[in-house]
1. So which of 245, 239, 201 is surrounded by fewer than 18 Cβ atoms within 10 Å (Cβ to Cβ) and either of a type in the set (S, T, N, Q) or farther than 25 Å from residue 156 by Cβ (or both)?
2. List the number of the failed condition for residue 266; all other conditions in (1) open to solvent by 40 Å² or more (accessible area, probe 1.4 Å); (2) assigned to a loop (DSSP other than H, G, I, E, B); (3) in contact with a helix residue (DSSP H, G or I) (Cβ under 7 Å, 6 or more places away or on another chain) hold.
3. Every residue in segment 248-270 that is farther than 23 Å from residue 187 by Cα and under 42 Å from the mean Cα position of the chain (by Cα), please.
4. Pick from segment 121-154 the residues that are farther than 24 Å from residue 85 by Cα and part of a helix (DSSP H, G or I): which of them is most open to solvent (accessible area, probe 1.4 Å)?
5. Give segment 285-301 a look and list any residue that's more than 25 Å from the chain's Cα centre (by Cα) and either among the aromatic types (Phe, Trp, Tyr) or modelled with pLDDT of 90 or more (or both), or say none.
6. Return yes or no: is residue 216 in contact with a strand residue (DSSP E or B) (Cβ under 9 Å, 6 or more places away or on another chain) and free of Cβ contacts under 8 Å to residues at least 40 places away in the same chain?
Amino acid sequence: MRDGVNCRTTSAAIALPASFNEPSMSLPPKKRILAVAVNPFTRKGLRRLPAFAVPRPKALSRNQPIQKTARVCNIVGGALSPLLSNLLLDDLDRELERRGLRFVRYADDCNIYVRSRRAGERVMQSVSRFITGKLKLKVNESKSAVARPAERKFLGFSFTSGREPKRRIAPQTLLRFKKRIRELTKRNRGVSVARMVEQLRLYLTGWRGYFGFCQTPSVLEGLDSWIRRRLRCFQWKQRRRGKTRFAELRKRGVGQDLAAQTAGSSRGLWHISRSPALSIALPGAYFTSLGLPTLSEIRNV
């Protein structure tokens, strides 16, 4: 199993350079990144960039040239941040290709794959020197490490351990997903089950479109089952009285003895949500009819 080097560089605010010549490695990153972005254009063409990226000082009129004191706003974390990171870190890509290393990078997040921990530590040191010395950037030491691919994540994904690694959803991503689902399915929310399912549908559809690319379908199947159990808890709590619960179970096709046993049970909501009676009364097909999407191809009950 290969060890992975996970490097992360910090972004910075960008300042307008005094000249638009070919960018030099001696320039600080604030000026070099804009020099790379503007170099194919003329001075006049710079004005065709988005207004929020190159704000014009209030003291200047529209027809006056841009002064050296003009500043570019900080767009770190914005829509243009990945684009500008790619421009600035293009030199890093070329350096890694020149060394023959296997790597993957998106914006300022980069994983380099080597065969051993010793090689990983050596590559980590040399790449860090290149980033700080040549690119004039900082390496986030707290988010950089030499570890096995199964212990690191990239864009929300990770790998399983074993002879044939598979692409899986990173544990941190699953924790954030469950936290969001718990917020949407709180038992004390004053909404109908139809409204709750609609909110879940909007979130799950987008989440499945991205993370459905994983190669561990059992994880998605488990999440489907877990979401339905939370919805059963929500509906079971809405009917607080035993008589109401018994009548609802009988209405949904549960036998008399099983309905009476379940309605009179002193067990908690989470335990009851997995009972045979609620599986019969509120099957997976019922939630599907309300518009709840499934994360996996197999529909769980």
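1. Details: 245 fails: surrounded by fewer than 18 Cβ atoms within 10 Å (Cβ to Cβ); 201 fails: either of a type in the set (S, T, N, Q) or farther than 25 Å from residue 156 by Cβ (or both).
Matching residue, one of 245, 239, 201: 239.
2. (3)
3. 253, 254
4. Here is the first cut: in segment 121-154, the ones farther than 24 Å from residue 85 by Cα are 121-122, 147-148, 150-151.
Filter again for part of a helix (DSSP H, G or I), leaving 121-122, 150-151.
Working: 121: 88, 122: 143, 150: 26, 151: 123 Å².
Ranking the qualifying residues of segment 121-154, first place goes to 122.
5. Across segment 285-301, the qualifying residues are 285, 286, 287, 288, 289, 290.
6. Numbers: in contact with a strand residue (DSSP E or B) (Cβ under 9 Å, 6 or more places away or on another chain): yes; free of Cβ contacts under 8 Å to residues at least 40 places away in the same chain: no.
No; evaluated as a whole, the condition is false for this residue.
Yes or no, residue by residue, for (1) modelled with pLDDT of 95 or more; (2) more than 21 Å from residue 289 (Cα to Cα); (3) open to solvent by 30 Å² or more (accessible area, probe 1.4 Å):
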residue	(1), (2), (3)
181	yes, no, no
189	no, yes, yes
193	no, no, no
205	no, no, yes
208	no, no, yes
211	no, yes, no
215	no, yes, yes
226	yes, no, yes
234	no, no, no
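The values are calculated or read from the model by the stated rules, or taken from the named source; none is laboratory data. It should be emphasised that the depicted structure is a prediction, and the values quoted were computed from it without experimental measurement. Neighbour counts are summed over all protein chains in view; Cβ atoms, including those assigned to glycine, are modelled from backbone coordinates with ideal geometry. Side chains are part of the model used for accessible areas, which takes the heavy atoms of the whole protein and leaves out ligands, DNA and RNA. Shrake-Rupley method; radii C 1.70, N 1.55, O 1.52, S 1.80 Å.
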